[in-house]
Every structure is written in structure tokens, then in C-alpha cells.
Amino acid sequence: MSPQKIISLLPAATEIVCALGLEENLVGRSHECDFPVSVKQLPVCSEANFPDGMSSLDIDKKVKELLSDALSVYTVKREKIKELGPDVVITQAQCEVCAVSLKEVEEALENYLDKQARIVSLQPNSLDDIFDNIREVANALNVKANGDKLIEDLQERVDIVRHKLKFIENKPTVACIEWLEPLMVSGNWVPELVSIAGGTSVLTEAGKHSPFVQWVDIQLQDPEIIIVMPCGFSIERTMKEMDLLLQLPSFADLQAIKNNRLYITDGNQYFNRPGPRIVDSIEILAEIIHPKQFIFGYEGDGWIRFAV
């Protein structure tokens with residue numbers, strides 16, 4: 001039986017496929033798949049329907065405009081996918097803003113490919129869901145043992161963090177900012193990651209979608225730690241828009257700012273990707289929240305302290 005040809009339209013799925021030892025089976029990727037770096041040489045099978053470099057507010061407006069007109073935020077490159085002839089296409093049904101959705105893939109490929117491709121759709125809302133997705137991809141690609149081993153290794157790293165915090169009673173309040181304008185705090189799996197890393201997430205509920213909030217909501221919570229992790233943004237990209245936070249009324253009066261506990265993380269590479277590096281995200285949070293207990297070595301690359 002010849003190896004399955006895989007197209008991944010989701011960065012997290014691309015990372016899962018590679019972590020399962022099947023990178024050589026990948027024949028195509030989404031425009032956002034960039035890790036491991038070697039996947040960048042693969043043909044691109046999707047594109048965003050808005051230009052690069054837009055501000056947070058302009059991106060939000062454009063996305064809402066597209067969705068209100070029943071248009072897609074992304075385009076699936078049908079001709080390229082047909083040319084590549086995949087056996088398996090991996091996409092997601094979690095968020096139509098984050099990546100190409102299941103509906104878009106089904107509509108684009110229905111009765112279009114020369115052979116029937118299996119579509120695997122991921123929809124994680126929690127850490128367990130992410131591990132289940134890894135298992136689902138492994139089973140679909142006939143590498144169940146690889147999937148079991150990968151999950152076991154990831155779970156072991158999570159357990160190390162949990163164990164080290166077992167007797168730590170101080171669980172500081174943490175506000176995780178997922179979007180700068182309009183303000184949004186991180187939901188889905190992030191509150192759970194914060195909890196595992198020894199913090200208490202504010203204004204969000206584990207397993208629920210990320211909510212938009214008012215600035216006054218954050219002021220009333222007055223979190224001990226603020227972590228900025230905009231969806232799809234690198235640290236450098238986020239730095240360009242930090243003034244949006246700094247200019248908010250009485251921002252400097254928050255205890256997190258007074259105590260120099262404002263941080264920026266690489267939301268794009270870590271927190272917004274429900275794949276194997278979600279455990280790296282837990283380790284990043286542990287370093288930030290409990291610096292005396294953890295030094296994993298992510299500072300400078302995965303996160304920085306932002307001095308106001």
C-alpha cells in the first residue's frame with residue numbers, strides 16, 4: 001500500500017502530522033503553516049481574503065464584513081489541491097476566522113477531485129480535545145502507536161508542571177488578551193492552561209469561545225498578571241500595537257503594571273495553535289506565573305516582559 005498523501009489546511013494539524021513522523025507524506029499546506037520550517041517549501045493550498053499588515057481593528061472589521069456577507073475569510077485553492085491528489089485533507093470546524101473551515105473544504109472539493117479524499121476535521125475546545133485530535137489524526141493516518149506515544153510524552157510534561165505546583169497555594173489572577181482592538185480575552189483551552197500553570201484566569205470560562213470585553217471589565221478585575229497573546233501575531237507584530245493598551249484610561253494604575261507583570265507571548269506559534277506545542281504554551285505560562293519554580297528557556301523567544 002502506497003503512503004497516504006496529506007494536505008493540511010491548519011497549522012496545528014501540520015505540526016501534528018510532523019510530530020507523528022509523517023512530514024514526508026505532506027504534499028500541501030495552508031498559507032499559515034510555517035512549523036517546522038521545512039514545511040514552508042510545500043505548495044500552498046489556501047489564501048486569506050484580506051491583505052497582510054492590517055491593524056487589529058481593520059482585521060476585525062474586514063472579517064466581520066466578510067462573514068456578514070456570507071463570504072469566506074479564506075479561499076481554498078481547488079485547482080492546486082486537485083493537482084496534488086491528496087488521500088487525506090485535514091481542516092477544522094472550531095473557528096471560521098482562524099483557518100479554513102470544514103464547510104469551505106467540503107464545498108470546494110465536492111465532486112471535484114479525481115479520487116475520493118478523506119476529510120478530517122478538528123474541533124478542539126480543551127486540552128483533552130487537543131490530545132483527542134492528535135489521536136484522531138494518528139488513527140486516520142494509520143499510525144496509532146505513534147499517536148499514543150506522542151500523547152504520552154506530552155502528558156508527561158503536563159504532569160511535571162502539575163506536580164511541581166502541587167503545594168503552591170498562591171494562584172495569581174491572570175488576564176490573557178487574545179485581541180487588542182476590540183478587546184478580547186482568551187477562551188477555549190487557554191483558561192485551562194493558565195490553571196495548570198498555577199494561575200487563575202479572569203473573565204473567561206474554560207472550553208467556551210473567547211469573549212469580547214470592555215476595558216472597564218479588566219479594570220474591575222485588576223489582574224495580578226496581564227499576558228498579551230493576539231491570535232496570529234508574533235511578539236514583534238504585537239509590539240507594534242501595544243500602544244492600544246498603554247493608552248487605555250488608567251492603564252498604569254493596574255497592579256499588574258505597577259508590579260511590572262505585563263508580558264507579551266508569541267500567540268501565533270504557541271497559544272493559538274491546538275497542536276503538540278500547546279504543552280510548550282503551558283510551560284511558557286508556568287515560567288511567567290511562577291518564575292521561581294520554572295525555567296524552561298522560552299524567555300526572549302516565546303515570551304518577553306514588557307516594561308511600561
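The values are calculated or read from the model by the stated rules, or taken from the named source; none is laboratory data. Because the structure is predicted, anything quoted here is derived from the model rather than measured. Note that we place each Cβ from the backbone using ideal geometry, even for glycine, and neighbour counts take in every protein chain shown. Each accessible area value is taken on the protein alone, full model and side chains, heavy atoms only, with ligands, DNA and RNA left out. Shrake-Rupley method; radii C 1.70, N 1.55, O 1.52, S 1.80 Å.
On inspection, Asp153 qualifies as in a helix (DSSP H, G or I), surrounded by fewer than 14 Cβ atoms within 10 Å (Cβ to Cβ) and of a type outside the set (Phe, Trp, Tyr). Taken as a whole, the structure places Leu42 among residues that are out of contact with any helix residue (DSSP H, G or I) (no Cβ under 8 Å at 6 or more places or on another chain), among the hydrophobic types (A, V, I, L, M, F, W, C) and within 21 Å of Leu10 (Cβ to Cβ). Pairs meeting the criteria (first residue in segment 263-279 and under 13 Å from Met229 (Cβ atoms), second residue open to solvent by 10 Å² or more (accessible area, probe 1.4 Å) and in a strand (DSSP E or B), beta carbons under 7 Å, at least 6 apart or on different chains) are Tyr263/Trp303; Tyr263/Ile304; Tyr263/Arg305; Ile264/Trp303; Ile264/Ile304; Thr265/Trp303.
Would you check if there is a residue in segment 235-245 being open to solvent by less than 40 Å² (accessible area, probe 1.4 Å), touching a strand residue (DSSP E or B) at 6+ places or on another chain (Cβ under 8 Å) and under 26 Å from Lys166 (Cα atoms)? Checked segment 235-245: no residue is open to solvent by less than 40 Å² (accessible area, probe 1.4 Å), touching a strand residue (DSSP E or B) at 6+ places or on another chain (Cβ under 8 Å) and under 26 Å from Lys166 (Cα atoms). Among the criteria (1) open to solvent by 40 Å² or more (accessible area, probe 1.4 Å); (2) under 18 Å from Ile284 (Cβ atoms); (3) outside any helix (DSSP H, G or I); (4) touching a residue at least 60 places away in the same chain (Cβ under 8 Å), the one Lys171 does not fulfil is (4).
Among the residues of segment 185-196, is there at least one that is open to solvent by 40 Å² or more (accessible area, probe 1.4 Å), assigned to a loop (DSSP other than H, G, I, E, B), in contact (Cβ under 8 Å) with a residue 40 or more places away in the chain and not polar (S, T, N, Q)? There is no residue in segment 185-196 that is open to solvent by 40 Å² or more (accessible area, probe 1.4 Å), assigned to a loop (DSSP other than H, G, I, E, B), in contact (Cβ under 8 Å) with a residue 40 or more places away in the chain and not polar (S, T, N, Q). Looking across segment 287-308, just one residue is small (Gly, Ala, Ser) and open to solvent by less than 30 Å² (accessible area, probe 1.4 Å), and that is Gly302. Of the residues examined, Leu220 is not one that is hydrophobic (A, V, I, L, M, F, W, C), touching a residue at least 60 places away in the same chain (Cβ under 8 Å) and open to solvent by 10 Å² or more (accessible area, probe 1.4 Å). Taken over segment 75-85, residues that are farther than 13 Å from Val105 by Cα and not in a helix (DSSP H, G or I) amount to 1.
Applying the criterion of at least 1 residues that are free of Cβ contacts under 8 Å to residues at least 40 places away in the same chain to the strands (runs of 3 or more DSSP E) found wholly in segment 4-74 leaves 26-29, 46-48. Restricting segment 265-282 to residues that are surrounded by 24 or more Cβ atoms within 10 Å (Cβ to Cβ) and among the aliphatic types (A, V, I, L, M) leaves a set whose member that is nearest to Asn146 (Cα to Cα) is Ile278.
Quick grid of which residues meet (1) open to solvent by less than 30 Å² (accessible area, probe 1.4 Å); (2) under 19 Å from the mean Cα position of the chain (by Cα); (3) β-branched (Val, Ile, Thr):
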| residue | (1), (2), (3) |
| --- | --- |
| Leu10 | yes, yes, no |
| Ala13 | yes, yes, no |
| Ile16 | yes, yes, yes |
| Asn25 | yes, no, no |
| Gly28 | yes, no, no |
| Asn49 | no, no, no |
| Gly53 | no, no, no |
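Just one of the listed residues (Asn125, Asn146, Asn139, Asn133) is modelled with pLDDT of 75 or more, open to solvent by 30 Å² or more (accessible area, probe 1.4 Å) and under 16 Å from the mean Cα position of the chain (by Cα), and it is Asn125.
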